[in-house]
Amino acid sequence: MAAKGFSTSTVHRIVARDRGACVRCGLLVAHLPRGVAWSVHHRRARGAGGTSVVWVNAASNGVVLCGSGTTGCHGWVESHQREAMTAGWVVSMNGRLRADEVVVRHRVLGVGYLTDDGGWVPVVEGPTPESWEGEAA
């Protein structure tokens, strides 16, 4: 049977890991209405009918983004797939890598890997959120 999305407990782990902030712009959103002001984005899409791939609904495959699938950073990610893939906000459906194997550029936490249990493993070398100042969000 195809799983349709993140469980409630997985959403809570993702929001806690992301500090309630959009991973792209850093805007604090968790106190606002979900689905309008923010959403939990599947880095590797689950597909319209869901998926039987278990890790697609693990915390490593989800990030908080402001907006909906058509607005805010979530809308930007959906309409700029190539750039979003470079930042790790999108994981290729055709690739061989799982979400927990793809580095993410996280506006609050820095650069690192997301774990299936909702954890964060920073990459030691690389840019920091402070170094991104002045870049277009």
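When segment 22-40 is examined, which residues are found to be in contact with a helix residue (DSSP H, G or I) (Cβ under 9 Å, 6 or more places away or on another chain) and either basic (Lys, Arg) or outside any loop (DSSP other than H, G, I, E, B) (or both)?
Result: 24, 34, 38, 39, 40.
Of all residues in segment 59-70 being at pLDDT 95 or above and either of a type in the set (Ser, Thr, Tyr) or in a loop (DSSP other than H, G, I, E, B) (or both), which is farthest from residue 25 (Cα to Cα)? Steps first, please.
From segment 59-70, those at pLDDT 95 or above are 59-67; that's our starting set.
If we keep only those that are either of a type in the set (Ser, Thr, Tyr) or in a loop (DSSP other than H, G, I, E, B) (or both) too, we end up with 60, 67.
Working: 60: 19, 67: 11 Å.
Out of the qualifying residues, it is 60.
In the set 111, 91, which member is among the aliphatic types (A, V, I, L, M), open to solvent by less than 40 Å² (accessible area, probe 1.4 Å), free of Cβ contacts under 8 Å to residues at least 40 places away in the same chain and within 26 Å of residue 124 (Cα to Cα)?
On the way: 91 fails: free of Cβ contacts under 8 Å to residues at least 40 places away in the same chain.
Answer to the check: 111.
Considering segment 72-88 alone, what residues qualify as being in a loop (DSSP other than H, G, I, E, B) and surrounded by fewer than 18 Cβ atoms within 10 Å (Cβ to Cβ)? Let's see the steps before the verdict.
So in segment 72-88, the residues in a loop (DSSP other than H, G, I, E, B) come out as 80, 88.
Scanning segment 72-88 gives a single hit, 80.
The rows are residues; the columns are (1) of a type outside the set (Ser, Thr, Tyr); (2) at pLDDT 95 or above; (3) open to solvent by 20 Å² or more (accessible area, probe 1.4 Å).
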position: 6; (1), (2), (3): yes, no, yes
position: 17; (1), (2), (3): yes, yes, no
position: 24; (1), (2), (3): yes, yes, yes
position: 39; (1), (2), (3): no, yes, no
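The values are calculated or read from the model by the stated rules, or taken from the named source; none is laboratory data. The model shown is predicted, which means the values in this text are computed figures rather than measured ones. Here Cβ is always computed from backbone atoms with ideal geometry, including for glycine, and neighbour counts include all displayed protein chains. For accessibility, only protein heavy atoms count, side chains too; no ligands or nucleic acids. Shrake-Rupley method; radii C 1.70, N 1.55, O 1.52, S 1.80 Å.
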